[in-house]
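Structure first, then comments.
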Number of protein chains: 2
Amino acid sequence: MGEEVDVTVLAGGIGAARFLRGLLAELAERDPAARVTVIGNTADDITLFGLRVCPDLDTVMYTLGGGVHEGQGWGRAGETFAVQDELAAYGMQPQWFGLGDRDVATHIVRTQMMAAGYPLSAVTEALCTRWQPGVRLLPMTDERVETHVVVEDDEGRRAVHFQEWWIRLRAAVPARSIVPIGIEDARPAPGVLDAIASADVVLLPPSNPVVSIGTILAVPGIRDALAATPAPVVGVSPIIGGAPVRGMADACLAAIGVETSAAAVGRLYTGLLDGWLVDDADAGVALDGVVVRARPLLMRDPAATRAIAAAALDLAADIVAARG
Amino acid sequence: MGEEVDVTVLAGGIGAARFLRGLLAELAERDPAARVTVIGNTADDITLFGLRVCPDLDTVMYTLGGGVHEGQGWGRAGETFAVQDELAAYGMQPQWFGLGDRDVATHIVRTQMMAAGYPLSAVTEALCTRWQPGVRLLPMTDERVETHVVVEDDEGRRAVHFQEWWIRLRAAVPARSIVPIGIEDARPAPGVLDAIASADVVLLPPSNPVVSIGTILAVPGIRDALAATPAPVVGVSPIIGGAPVRGMADACLAAIGVETSAAAVGRLYTGLLDGWLVDDADAGVALDGVVVRARPLLMRDPAATRAIAAAALDLAADIVAARG
């Protein structure tokens with residue numbers, strides 16, 4: 001890689017945000033002129049109490065901007081919950097979504113800008129002028145896409161918003177299907193396709209392969225752009241030895257009939273990946289036409305996370321070099 | 001007065017709320033079956049950050065419901081300001097309006113219900129199911145009315161929202177005129193006219209005669225209903241010895257060319273009042289066709305406030321008795 005490297009990253013929430021922090025730390029030393037564009041999942045978005053909430057975009061923004069609650073990996077540090085407590089006192093539902101006071105302000109700004117006619121991409125850019133995340137953060141689309149999950153339990157068969165399944169039901173009720181509603185009519189947000197086409201490297205961090213990376217890839221045009229980009233596309237497995245690194249990706253994979261393994265997730269990205277970073281526990285994995293490399297993948301601290309990002313960049317560089 | 005007395009009160013904010021607390025304390029002993037309907041001013045309402053704020057209705061609701069910040073007389077006890085601080089960090093304006101976190105929840109509930117199509121009267125009733133203020137609280141109208149003030153200063157001649165004049169400019173910039181925008185098209189909210197027509201007593205607490213009581217009276221139909229009601233209408237002067245009891249009523253009176261005196265304010269209510277309670281300092285005041293009675297009017301503590309409310313009820317009873 002030369003100077004002014006353009007790195008494009010597809011991102012879900014917590015896992016991607018931490019990976020990105022490691023990536024920025026690595027690039028700061030390796031290539032200070034590098035530019036990182038993040039294409040964020042917006043299918044987790046939800047409207048609560050009339051406020052538009054974008055959990056994944058905010059997690060990336062807060063994490064890279066230094067405002068995140070480090071312990072939980074999402075939401076704001078030093079958060080309070082007066083608004084939510086009061087909404088509960090008024091009998092308002094839902095109460096299962098943790099909506100902090102500081103976070104509410106972000107949603108108020110977003111909701112007001114959207115009501116004024118600004119697309120989500122412009123709103124996200126405006127919010128980032130405060131947070132200065134050190135990346136260009138793009139929503140995957142400006143259209144409204146919301147993942148719903150069909151479940152069946154004592155309350156009957158029904159579709160619930162992904163957030164309700166994930167948070168209230170803790171993904172413990174099996175998902176019959178997972179449907180990103182509105183995805184067929186979604187168009188990539190301005191800059192998304194170009195960020196993939198003109199990138200020097202494209203990275204898929206260890207995000208949920210179904211509801212994060214999967215929905216980004218499901219936006220018409222994005223999968224094709226990834227398949228066509230001349231840049232090496234390197235993914236980091238979110239599965240280590242048959243279990244998700246964090247979160248409940250196994251419940252999502254089960255819903256789409258895919259086993260929870262580094263190999264199976266790699267195959268989900270068939271035709272897109274040039275390199276696949278797996279954990280030492282999955283050292284035997286092989287994928288047709290993909291350079292698979294094994295190393296420790298637990299993002300247990302900033303140094304370990306940065307080393308994973310470095311390994312992904314190294315793998316991409318090796319792939320480019322091998323092409324001659 | 002007999003049993004099941006219906007008392008109807010026209011109310012602004014802090015002054016009215018305190019008077020109402022005294023009134024309820026007095027009625028609890030004098031006539032526990034009495035029913036109080038409050039017709040609240042809504043011309044101070046403002047939309048901030050996409051949230052609909054009704055300062056006077058909320059002040060009455062919080063005060064009678066036990067949630068008010070006693071020291072300042074408005075807003076919530078134990079309030080925090082995380083949302084507002086964050087909005088400021090995003091560069092959002094205005095910052096001159098004190099918007100607490102607990103208070104924000106009230107406005108979120110209101111805004112969401114209004115967006116769902118509920119009129120303000122239904123929203124207010126819903127909010128009161130939590131607060132149980134002990135009165136039936138009605139907005140003067142379900143239509144949107146907003147008082148604007150024409151001012152001229154270094155920033156030029158312009159109209160500003162009443163709240164901006166009152167809070168940011170501290171009513172220190174002379175008002176060229178005060179205009180309740182939308183008042184011509186406003187209709188009394190459901191129950192308002194009947195509450196006046198069927199009342200046994202109608203009281204005007206010591207609220208601002210221009211921007212509180214004045215705007216309520218300016219809703220088409222309300223002044224006529226007051227003039228026509230068989231109930232005695234008794235007002236409590238908000239002016240003591242040429243100065244407002246609290247607030248900046250003098251700046252409002254100056255704008256409409258009325259002197260700041262108990263007599264002049266009483267004359268504003270010509271044709272409506274049957275009784276006018278003034279302070280001992282204004283003992284000489286006389287109004288045609290109105291029984292004027294002087295007594296201490298400073299609401300310096302709950303006992304003094306209750307005694308003023310008792311005096312207003314006594315004056316109403318005496319007026320009825322005098323009619324034979």
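Since every read-out is calculated from the coordinates, none of them should be taken as a lab result. Quantities reported herein were computed from a predicted structural model and do not represent experimental measurements. Because the Cβ atoms are built from the backbone with ideal geometry, glycine has one as well, and the counts that use them run over all protein chains shown.
Numerical summary
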item	result
Burial order of peptide ranges A:223-231, B:190-198 (average beta-carbon count within 10 Å, highest first)	B:190-198, A:223-231
Chain B, helix-only ellipticity at 222 nm - DSSP H runs n ≥ 4, -39,500 (n - 2.57), divided by all residues, nearest 500	-11000 deg cm²/dmol
Cleavage-rule hits (chymotrypsin sites (Phe, Trp or Tyr not before Pro)) in region A:105-204: DSSP loop, at most 16 neighbouring Cβ within 10 angstrom	none
Approximate spin-label separation residue B:116-residue B:144, in nm, with each point projected 7 Å along Cα-to-Cβ	2.0
Under DSSP loop assignment and at most 13 Cβ neighbours within 10 Å, longest GluC sites (Glu not before Pro)-free interval of chain A	A:156-258
Relative contact order computed over chain B (Cα-Cα under 8 Å; 6+ residues apart), in percent	19
Of the DSSP H helices in chain B, those whose Cα atoms cover at least 27 Å axially and whose Kyte score averages -0.5 or more	B:302-323
Neighbouring partner chain Cβ atoms per residue of B:108-115, average, 10 Å criterion	4
More than 23 Å apart - percent of Cα-Cα pairs taken over region A:222-324	26
Prolate/oblate/rounded call for region A:28-85, Cα gyration tensor, a/c under 1.5 rounded	oblate
Three semi-axes of the equivalent ellipsoid, chain B, Cα gyration tensor, whole Å, largest first	31, 23, 18
Which of A:106, B:260, A:63 has the fewest Cβ neighbours within 10 Å, and the rest in rising order	B:260, A:63, A:106
Between region A:77-134 and region A:258-286, the Cα center-to-center distance that results, in Å	36
Dipole-positive endmost among A:220, A:148, A:180 within region A:147-221 (Cβ charges, Cα centre)	A:148
Placed amide H near residue A:294: partners under 5 Å, 5+ positions off or other chain	A:278
Cα-centred dipole magnitude for region A:121-278, charges only on beta-carbon of K, R (+1) and D, E (-1), debye, nearest 20	260
Kirkwood estimate for region B:169-231, i.e. one over the average of 1/r between Cα atoms, Å	13.2
Residue order, fewest to most surrounding Cβ atoms within 10 angstrom, among A:292, B:201	A:292, B:201
Relative contact order [Cα under 8 Å, 6+ residues apart], region A:206-262, whole percent	37
Assigned charges on the beta-carbon of Lys, Arg, Asp, Glu; the protein assembly as shown dipole about Cα centre (debye)	180
Point-to-point label distance, residue A:157-residue A:132, nm (Cα→Cβ direction, 7 Å offset)	5.5
Amide H within-cut-off set for residue B:13, under 5 Å, with H built and near neighbours excluded	B:208
